[in-house]
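Participant: Quick one: structure below, then a few questions.
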Amino acid sequence: MFYMDAKSQFTVDIISKVIEGKITINSATQLLQKSRRTVERYLRRYRKEGIRCVIHGNTGRAPINKTPDSLKKEVQRFIQKKYYDFNLQHVRVKVMIKKLQK
């Protein structure tokens with residue numbers, strides 16, 4: 001299951017009307033405020049994937065560079081126990097020093 005915002009729903013509605021022949025590609029470009037090339041790309045993806053064509057491919061995935069929750073919790077405990085009176089910049093420096101010492 002996926003959810004679309006109003007803009008995505010509008011895009012799918014316009015693209016489906018172009019495929020049904022109710023409006024032209026030129027009208028769709030004006031309604032969507034996109035270039036003809038972009039509308040043609042939407043049409044190709046709509047024919048291939050259906051309404052999922054407007055959903056970004058990475059939707060629902062975690063970023064590859066996301067900091068693991070376990071590391072976040074470990075750093076929070078570290079700050080609370082040992083460096084509770086430091087600001088974040090000082091904590092960062094201490095963590096970097098400890099990392100270099102290992």
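Participant: With (1) exposed (fewer than 14 other Cβ atoms within 10 Å of the Cβ); (2) at pLDDT below 85 as the list, and residue 22 as the residue in question, which single condition is left unmet?
Facilitator: All conditions pass for residue 22, except number (2).
Participant: Might you let me know whether the stretch 60-71 holds any residue that is among the charged types (D, E, K, R), without any contact (Cβ under 8 Å) to a residue 60 or more places away in the chain and part of a loop (DSSP other than H, G, I, E, B)?
Facilitator: The answer is yes, given that some residue of the stretch 60-71 is among the charged types (D, E, K, R), without any contact (Cβ under 8 Å) to a residue 60 or more places away in the chain and part of a loop (DSSP other than H, G, I, E, B).
Participant: Taking the stretch 72-96 only, how many residues are open to solvent by 60 Å² or more (accessible area, probe 1.4 Å), part of a helix (DSSP H, G or I) and not polar (S, T, N, Q)?
Facilitator: 11
Participant: Sticking with this one: Within the set of pairs 6 or more residues apart or between chains, which connect a residue that is within 16 Å of residue 76 (Cα to Cα) inside the stretch 87-101 to a residue that is open to solvent by less than 80 Å² (accessible area, probe 1.4 Å) and assigned to a loop (DSSP other than H, G, I, E, B) with Cβ atoms less than 8 Å apart?
Facilitator: Taking only residues 6 or more apart or on different chains, the pairs are 90/83; 91/83; 94/83; 94/86.
Participant: Hey, another quick one. Within the stretch 44-65, count every residue that is more than 13 Å from the chain's Cα centre (by Cα) and within 30 Å of residue 90 (Cα to Cα).
Facilitator: 1
The values are calculated or read from the model by the stated rules, or taken from the named source; none is laboratory data. Keep in mind that what you see is a predicted model, and the values were worked out from it rather than measured. Counting neighbours? That spans all protein chains shown, and the Cβs are built from the backbone with ideal geometry, glycine included. What goes into the accessible areas is simple: the full protein's heavy atoms, side chains included, and nothing from ligands, DNA or RNA. Shrake-Rupley method; radii C 1.70, N 1.55, O 1.52, S 1.80 Å.
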